[in-house]
1. Of all residues in the range 242-256 being out of contact with any Gly (no Cβ under 9 Å at 6 or more places or on another chain) and assigned to a helix (DSSP H, G or I), which is surrounded by the most Cβ atoms within 10 Å (Cβ to Cβ)?
2. Quick check on my filter: what residues within the range 84-128 are away from the ligand (no atom under 14 Å from the Cβ), aliphatic (A, V, I, L, M), assigned to a helix (DSSP H, G or I) and crowded, with 17+ Cβ neighbours inside 10 Å?
3. So, in the range 182-207, exactly how many residues are basic (K, R) and within 12 Å of the ligand (Cβ to nearest atom)?
4. Where residues in the range 334-365 are among the aliphatic types (A, V, I, L, M) and surrounded by fewer than 24 Cβ atoms within 10 Å (Cβ to Cβ), which of them is nearest to the ligand (Cβ to nearest atom)?
5. Pull out all pairs, ordered by first then second residue, where Cβ-Cβ is under 8 Å, the residues are six or more apart or on different chains, the first lies in the range 7-35 and is under 30 Å from A378 (Cβ atoms) and free of Cβ contacts under 8 Å to residues at least 12 places away in the same chain, and the second is within 16 Å of the ligand (Cβ to nearest atom) and among the aromatic types (F, W, Y).
6. Take the conditions out of contact with any Leu (no Cβ under 8 Å at 6 or more places or on another chain), more than 16 Å from the ligand (Cβ to nearest atom) and not in a loop (DSSP other than H, G, I, E, B) and apply them to V79. Does it pass?
7. Filter the range 16-60 down to the residues that are of a type in the set (V, I, T) and within 24 Å of K270 (Cα to Cα), then identify the one that is nearest to the ligand (Cβ to nearest atom).
8. Output the residues belonging to the range 294-316 that are closer than 11 Å to L283 by Cα and either more than 16 Å from the ligand (Cβ to nearest atom) or among the basic types (K, R) (or both).
Amino acid sequence: MTAAKPASRPNVPHFSSGPCAKRPGWTPEKLNDAALGRSHRAKIGKNKLKLAIDLTREVLEVPADYRIGIVPASDTGAVEMALWSLLGARPVTTIAWESFGEGWVSDIVKELKLKDVTKLHAGYGELPDLSKVDPKSDIVFTWNGTTSGVRVPNADWIKADREGLTICDATSAAFAQPLDWAKLDVVTFSWQKALGGEAAHGMLVLSPRAVARLESYTPPWPLPKIFRMTKGGKLNEGIFVGETINTPSMLCVEDYLDALGWAKSVGGLKALIARADANTKALADWKAKTPWIDFLAADPAIRSNTSVCMKVIDPAITALSPDAQADFAKKLVAAVEKENAGFDFAHYRDAPAGLRIWCGATVEAKDVEILTQWIDWAFAETKASLAKAA
Ligand SMILES: Cc1ncc(COP(=O)(O)O)c(C=O)c1O
């Protein structure tokens, strides 16, 4: 038996977890004012970079005494800059529950070769016991684990009077989940996630305590120019007013300004969070009426509202080997892609088999709902062809 194809397609069939869907209404003409062919150090370039920082502060509600910098190499660049510049001064606790978090642990242990490291780990779909975190240590964690769809529920587990710094990779959380700035000393993200901007530039937000560490501690290892935030023991303040370390793309800057303008126009952070929540609710509603699908994160309190990861729980599929289950998920996604009804929503390569559907603010709930109809169709088709082949 084959299911009927749904009557309509999503208006925008983009559900990738990065680069994410452009904001509704985006066209290349929105970038007509880009300062192309001009120096980023000229007044026009500097003003645009400064505006990107100011609007980031406004939309994300970053405290006035936190520095915000635009840095090279996207979120990875911003995280590495922080790890290499700040760590080594005291013990470190790493908290990881999926691929990206594990990647930072690996850098800390194998590249920086820090010895006094306490690792709190959990598998895909779960969160480690956050009450075990030692507030005397520096803490490195990812706010939203993009590859498992698990996020921290809040920052209540971080002490207000902590001695260490908290370094938080918030790239798939910023602009979609509330960040508790008072508990965060370093926050990083990129432009291409929840605002659907262009890739390659990273954002680095520093608390006054993080700045104090930078000005009082020099790591024992060499720092490449691209990571250096201090000059003669003092913070290089220029980075935090738009004097970037090296050359940014003014086309990407214009696009980020457009995304921030859109974010403001829909109602700012609260509205962005509400949009992501509504998109995720469309998936929860689908799950409630669909016996063969479930969330990878069983606990709704830690379930992401951006990178929503789901698993197929049909007994005929769960009986298959992990490789065959991954193959099934990929075929299902490919069937939807072939119909131009949804792209890039298969599980991350290291994560358990299933679907990962981006639900950030630039996605429309109606499109998520239509996507689920196509997934229903593709599931029936893929399962039928599996039975035929057996
Ligand atoms: C949690 C997390 N950290 C880091 C990265 C890497 O980001 P970028 O490619 O912007 O460096 C990603 C990308 O998906 C991510 O989801």
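1. Per the criteria, the residue is E254.
2. Answer for the range 84-128, where residues must be away from the ligand (no atom under 14 Å from the Cβ), aliphatic (A, V, I, L, M), assigned to a helix (DSSP H, G or I) and crowded, with 17+ Cβ neighbours inside 10 Å: L86, I108.
3. 1
4. If we take residues in the range 334-365 being among the aliphatic types (A, V, I, L, M) and surrounded by fewer than 24 Cβ atoms within 10 Å (Cβ to Cβ), then A351 is nearest to the ligand (Cβ to nearest atom).
5. Between residues of the range 7-35 that are under 30 Å from A378 (Cβ atoms) and free of Cβ contacts under 8 Å to residues at least 12 places away in the same chain and residues that are within 16 Å of the ligand (Cβ to nearest atom) and among the aromatic types (F, W, Y), there is no close pair.
6. no
7. T56
8. Once the filter is applied, which keeps residues that are closer than 11 Å to L283 by Cα and either more than 16 Å from the ligand (Cβ to nearest atom) or among the basic types (K, R) (or both), the range 294-316 yields D294, F295, M310.
Values quoted throughout were computed directly from the atomic coordinates according to the rules given, and no laboratory measurement underlies them. Values in this document were obtained by computation on a predicted structure and should not be read as measured data. Heads up, the Cβs are rebuilt from the backbone with ideal geometry, glycines too, and the neighbour counts pull from every protein chain shown.
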